[in-house]
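*Asks:* Quick one: the structure is below, questions incoming.
Bear in mind that the values in this text are calculations on the coordinates, not laboratory data. These numbers come from a predicted model, not from an experiment. For neighbour counting, all protein chains shown are included, and Cβ atoms are generated from backbone atoms with ideal geometry for every residue, glycine included.
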Amino acid sequence: MSDTEPIILPLARKASGAAHLAEGPPRRGDISFDRRELTQILSVYGRKVASGEWRDYAIDTLREKAVFSVFRRSSETPLYRIEKAPKLARRQGAYSVIAATGLILKRGHDLARVLRALDRGLRLVQA
């Protein structure tokens, strides 16, 4: 499997294993994250899980965009959504990070740069 080959998931699932059956299996032509993109996203996700900020995620593949949603608890609405919308690639950029309120925190052409919006914030430094 190459780095640019899309990963097709049978169902949009949360990490806890609860299946989202409303959409059914992905259809041909749905947008999805490729292996390189998922590696970058899961790297940030792993750091946030290790720090105790995030606990669950869901991946949705739709006709116009792919969405990686991050949850504090699986019963809540997502804290952040990382979206890939190739239709916007020539304009603002295909990738965006969206807060729970719907505010677009960062949008751009480079996923690594867009994901840096999630690493910002105050941190306690202990001496």
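*Asks:* What list of ³J(HN,Hα) couplings, whole Hz, do you get for the range 73-88 from phi and the Karplus terms 6.51, -1.76, 1.60, once you set θ to phi - 60° and write x for glycine and proline?
*Replies:* Going residue by residue, I get 10, 5, 8, 9, 6, x, 5, 9, 10, 9, 10, 10, 10, x, 4, 8 Hz, with x marking Gly and Pro.
*Asks:* If you count, for each residue, the other Cβ atoms within 10 Å and average over each peptide, how do 64-74, 82-92 line up from highest to lowest?
*Replies:* 64-74, 82-92
*Asks:* Report the full-extension gain for the segment Asp34 to Arg73: residue separation times 0.36 nm, less the Cα-Cα distance, to one decimal in nm.
*Replies:* Working it through step by step, the gained length comes to 11.5 nm.
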